[in-house]
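I have placed the structure first, in the form of structure tokens, so that the comments after it can refer back to it.
Since every read-out is calculated from the coordinates, none of them should be taken as a lab result. None of these values were measured; they are calculated from a predicted model. Quick reminder, even Gly has a Cβ in these numbers, built from the backbone with ideal geometry, and neighbours come from all protein chains shown.
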Amino acid sequence: MCFFRKYPAEFKAEVERLSADLLRIGNVEDFLPERPGGIFDQDCRHIRAREIGQRFYEIGGIPLMEDRVKWIAKKSGKNLGAHLEACWRSVAGQF
């Protein structure tokens, strides 16, 4: 268990807001559709969810992204957490 914050305290409100957006996206639209188009890129990944992943990377790097995947899995199930992790592949050229 890590007792250190995954991000600086000044980003708390933004991280909470973006996390709530991710939860809504996952529960309503999913992160991985069967077909591209609209809110999904040509690789069938949710565009806004990837933007949020990029912002999390900027704020706290891979540790914050991993923390948010675990948070989504805890809130909405392991399957949705796995979908988010797949959606975030290659975000910032790493995850």
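Principal-axis analysis of the Cα atoms of the chain puts helix 78-87 at an angle of about 80° to the longest axis. For region 1-61, chymotrypsin sites (Phe, Trp or Tyr not before Pro) meeting the loop criterion (DSSP other than H, G, I, E, B) and having at most 14 other Cβ atoms within 10 Å: Phe3, Phe4.
Between the helical axis of 47-76 and the longest alpha-carbon principal axis of the chain there is an angle of about 90 degrees.
With a ≥ b ≥ c the root eigenvalues of the C-alpha gyration tensor of region 20-95, is it rounded (a/c under 1.5), prolate (a/b larger than b/c) or oblate? Note, shape of region 20-95 comes out oblate. A simple charge model with +1 on the Cβ of Lys and Arg, -1 on the Cβ of Asp and Glu and nothing else charged puts the dipole of region 9-93 at about 220 debye relative to its Cα centre. Note on Lys6: aspartates and glutamates with a C-alpha under 18 Å away, same-chain residues under 8 apart excluded, are Glu14, Glu16, Glu58, Glu66, Asp67, Glu85. Farthest towards the positive end of the charge dipole of region 9-93, among the residues Tyr57, Ala20, Ile39, is the Cα of Ala20, using unit charges on the Cβ of Lys, Arg, Asp and Glu.
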